[in-house]
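One structure below.
The values are calculated or read from the model by the stated rules, or taken from the named source; none is laboratory data. Owing to the predicted nature of the structure, the values given are computational and were not obtained by experimental measurement. Cβ placement follows ideal geometry from the backbone for every residue including glycine, while neighbour counts extend to all protein chains displayed.
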């Protein structure tokens, strides 16, 4: 059948790597997602934030370099890891639900009426959960293809945007979110997977001298 040719629409690989008729894997699509904010603001429910999300930036992790100068060259190692800020843009609804929740979160971090700051991080930090979905809806419950959980979040920047007579665009609120750590859940799906610490094929931790390579 002619449809069999579709299984060959992929990158040809060596015979010892995979079958020649493997086809292509379905990609995750950018517009199939949802974002949930836990312990954000004060008012409930917080579902209005989820419904008004326009876009969300997935996490970025960076490793600081460690350079060891030696005789005629240098070796490079990974240093401390740090997570880059993520951004999330929200539609500002006419009922004021979104701006009220965002304002409550800002007030938890800093009370601008009384000019009093929070006593500790636990008083204002929240958790952000980003989920990639498979397109299901209604009676066809969507399956979650990927989940990121961002821990120890707070808002480092809130931009209430502009107004403009010359456009038909909705008003938006742009959030910049700082966080302490991120994992892909459930564990075993990516970052957060349990990986034994090894040197070559030997599990380390015995306190013996170890090679850099």
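Conditions tested, residue by residue: (1) over 26 Å from residue 163 (Cβ atoms); (2) touching a residue at least 12 places away in the same chain (Cβ under 8 Å).
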position: 27; (1), (2): yes, no
position: 57; (1), (2): no, yes
position: 79; (1), (2): yes, yes
position: 129; (1), (2): yes, yes
Q. Does residue 11 satisfy being more than 19 Å from the chain's Cα centre (by Cα), assigned to a loop (DSSP other than H, G, I, E, B), closer than 24 Å to residue 122 by Cβ and modelled with pLDDT under 95?
A. no
Q: Could you check, for the stretch 23-30, whether at least one of its residues is assigned to a loop (DSSP other than H, G, I, E, B) and on the phi > 0 side of the Ramachandran plot?
A: yes
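Taking the options 137, 143, name whichever one is in contact with a strand residue (DSSP E or B) (Cβ under 9 Å, 6 or more places away or on another chain), surrounded by fewer than 15 Cβ atoms within 10 Å (Cβ to Cβ), closer than 18 Å to residue 36 by Cβ and free of Cβ contacts under 8 Å to residues at least 40 places away in the same chain.
Details: 137 fails: in contact with a strand residue (DSSP E or B) (Cβ under 9 Å, 6 or more places away or on another chain).
Result of the check over 137, 143: 143.
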Q) What are the residues in the stretch 108-125 that are without any contact (Cβ under 8 Å) to a residue 40 or more places away in the chain and in a helix (DSSP H, G or I), if any? A) 121, 122, 123
Q. Residues in the stretch 78-111 that are more than 21 Å from residue 125 (Cα to Cα), surrounded by 11 or more Cβ atoms within 10 Å (Cβ to Cβ) and touching a strand residue (DSSP E or B) at 6+ places or on another chain (Cβ under 7 Å): how many?
A. 3
Q: Could you list all residues from the stretch 14-29 that are at pLDDT 75 or above and surrounded by 10 or more Cβ atoms within 10 Å (Cβ to Cβ)?
A: 23, 24, 28, 29
